[in-house]
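What follows is a set of notes on a single structure, which appears directly below.
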Amino acid sequence: MCLIIFAYRTHPDYLLVLAANRDEFYDRPALGARFWEDCPGLLAGKDLKGGGTWMGVHESGRYAALTNYRAIETRLPDAPSRGLLVRQYLEQGKSAESFPRMLKNSEDYNGFNFLAGDRDSLYHFSNQSNRLTRIQPGIHGISNALMDTPWPKVHHSKKQMKSLIETDSVTEESLFGMLLNRETYPGDSLPETGLPPELEKAVSPVFIQTPDYGTRCSTLLFISHDGEVRFTERVYRPGTGIVAEENRYSFEFDSL
């Protein structure tokens with residue numbers, strides 16, 4: 001994912017309300033969200049090149065998502081796929097706190113932000129800060145910098161999520177609408193991540209459209225306080241906001 005906006009323990013009905021966009025090159029092959037045959041209980045999209053996923057949930061009560069940390073000058077050309085971290089966490093059955101602590105080789109990966117949640121807690125880990133942080137109740141956002149770094153699209157999307165909650169307007173359509181925001185931002189408000197200024201501006205919107213790279217799908221995850229899960233994904237035609245595929249799943253976490 002390249003943008004994750006989430007409300008944690010702030011909505012009266014939901015433990016978690018999460019809205020995310022996955023941005024990727026259009027020619028990188030992927031499957032839309034589904035339950036994986038080779039990992040019973042795991043629901044996620046699948047990166048067919050790297051074998052991992054950008055976001056997923058497991059029927060046992062674990063969920064995770066990942067964004068890339070944009071650091072062009074320090075990129076490792078032969079690094080393993082970061083999406084394997086999400087897959088490993090969902091497969092291995094470790095707690096949200098213990099799994100990031102077990103990552104002894106995080107420096108082998110290109111920069112990432114990793115969200116790991118379970119029934120009891122939610123944690124953020126980045127190999128750029130090498131810090132494991134327990135998420136406190138509130139509205140948070142992650143793009144291609146550390147959590148809650150106030151990039152314009154993160155700042156404005158967090159404000160929009162806050163407004164939706166305060167006005168009791170959190171619906172699938174309102175959240176998908178937030179994720180379709182194509183507004184670009186002036187150059188003096190944007191970070192310097194190693195991209196040329198014109199490209200930095202082109203990837204500044206919530207919903208990115210460039211000739212060869214952009215938002216491939218949007219995903220919503222609702223988890224109620226008693227473990228009911230609603231997962232909805234919209235996959236777009238490359239370079240457009242036209243929905244080519246919609247995947248919907250509802251289930252309850254397994255009882256302890």
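The values are calculated or read from the model by the stated rules, or taken from the named source; none is laboratory data. None of the values given here were measured: they were computed from a predicted structure. Just so you know, the surface numbers come from the protein's heavy atoms only, side chains and all, with ligands and any DNA or RNA stripped out. Shrake-Rupley method; radii C 1.70, N 1.55, O 1.52, S 1.80 Å.
Applying Stokes-Einstein at 37 °C and 0.692 mPa s to the Kirkwood radius of the chain, computed over alpha-carbon pairs, gives a translational diffusion coefficient of 180 µm² s⁻¹. Between THR210, THR232, THR167, where does the largest GNM mean-square fluctuation fall for the chain, given springs only between Cα atoms within less than 10 Å? Of THR210, THR232, THR167, the most mobile in the Gaussian network model is THR167. Solvent exposure of ASP23, expressed as accessible area, is near 10 Å², computed with a probe of 1.4 Å over the protein chains only.
Applying a threshold of 31 Å to the alpha-carbon distances of LYS49/LYS94; LYS49/LYS104; LYS49/LYS162 flags LYS49/LYS162 as lying beyond it.
Can you pull the percent of region 58-193's accessible area that's carbon plus sulfur, 1.4 Å probe, other chains left in place? Result for region 58-193: 46 percent of the exposed heavy-atom area is carbon or sulfur.
Once the Kirkwood radius over Cα pairs is known for region 139-256, the Stokes-Einstein relation at 20 °C and 1.002 mPa s delivers a diffusion coefficient of 135 µm²/s. Highest GNM mean-square fluctuation among GLY56, GLY241, GLY45, for the chain modelled with Cα contacts below 10 Å: GLY241. With viscosity 1.306 mPa s and temperature 10 °C, the Kirkwood radius over alpha carbon pairs of region 126-205 converts through Stokes-Einstein to a diffusion coefficient of 111 µm²/s. The convex hull of the Cα atoms of region 40-110, projected and averaged over all directions, covers 5.0 nm². Each principal axis of the Cα cloud of region 73-174 was evaluated for its coordinate range; sorted largest first, these ranges are 45, 35, 24 Å.
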